[in-house]
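Inspection log for the structure reproduced underneath, given as structure tokens.
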Amino acid sequence: MQEKIVDILLNYEAYAVIISLFLNIVISIFGVLPSVFMTAANLLVFGVWKGTLISFIGEAMGAIVAFWLYRKGFKRFIDKKKHKHSLIDKLLSAKGKEAFMMILLLRLFPFIPSGVVTFTAAMGEVSFINFLFASSLGKVPSLLIEAYSVHNVAAGTMEGKIILTVVSVVGILYIWAKLVRKKNT
């Protein structure tokens with residue numbers, strides 16, 4: 001997937017930034033597609049710093065557009081019943097400073113899908129402006145870590161090998177824990 005994106009960005013060099021931003025928005029709207037492929041493509045095409053900046057802008061714009069679409073399209077169909085995750089209930093009812101801090105902190109955790117945070121915030125009481133600033137600010141550290149990791153993995157450095165090993169071990173442990181939990185229920 002990354003190679004196709006790189007090819008598109010290189011073939012349409014004059015529009016590469018616009019295409020990249022558009023693809024990031026689409027990824028954010030769908031909410032389940034990983035943005036790491038887009039970040040990797042941006043780093044390869046634009047370089048580390050410019051690629052990271054373009055990825056940040058694209059992800060921030062994507063979260064904002066997705067939030068707006070989710071709020072306009074889904075909010076009237078969602079009932080506010082209790083959920084099995086108390087964090088979701090808290091975010092649904094959070095307002096003001098509490099909502100800002102929750103969104104900011106949730107953006108910092110790499111294991112919480114961005115789409116889930118955006119969708120839950122859009123269904124809740126958080127204002128558009130609060131979401132815009134908290135989400136964008138929260139994306140900075142996570143995107144820097146993602147860009148650093150992608151750069152080192154792509155370059156084949158020792159840090160990249162360590163990152164791949166850690167991600168593999170965590171992934172295997174996660175799958176194993178899910179299987180054990182499923183077997184016990």
Where a label projected 7 Å from the Cα of K90 along Cα→Cβ would reach, residues of the range 117-158 with amide N under 18 Å: 117-127, 131, 134-135, 138
Cα gyration tensor, the range 1-42 - rounded (a/c under 1.5), prolate or oblate: oblate
Heavy atoms of V169 accessible to a 1.4 Å probe, total area in Å² rounded to 10: 70
Label-point separation, I129 to I162 (7 Å along Cα→Cβ), nm: 4.4
Potential lengthening between K50 and L69 on full extension [0.36 nm per residue; Cα-Cα distance subtracted]: 4.0 nm
Evaluated at q = 0.14, 0.18 Å⁻¹: base-10 log I(q)/I(0), Debye formula over Cα of the chain: -0.85, -1.19
Carbon/sulfur fraction of accessible area - the chain, other protein chains in place, 1.4 Å, %: 72
Protection proxy ranking of 46-52, 35-41, 175-181 - average other beta-carbon atoms within 10 Å, highest first: 35-41, 46-52, 175-181
Estimated 222 nm signal from helices in the chain, with DSSP H stretches of n ≥ 4 weighted -39500 (n - 2.57), rounded to 500: -27000 deg cm²/dmol
Estimated distance in nm for a label pair at V116 and N11, the labels positioned 7 Å out from Cα along Cα-to-Cβ: 3.6
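The values are calculated or read from the model by the stated rules, or taken from the named source; none is laboratory data. Because the structure is a prediction, the values reported are computed rather than measured. So basically every Cβ, Gly included, is an ideal-geometry build from the backbone, and we count neighbours across all protein chains shown. Heavy atoms of the whole protein, side chains included, go into the accessibility calculation; ligands, DNA and RNA do not. Shrake-Rupley method; radii C 1.70, N 1.55, O 1.52, S 1.80 Å.
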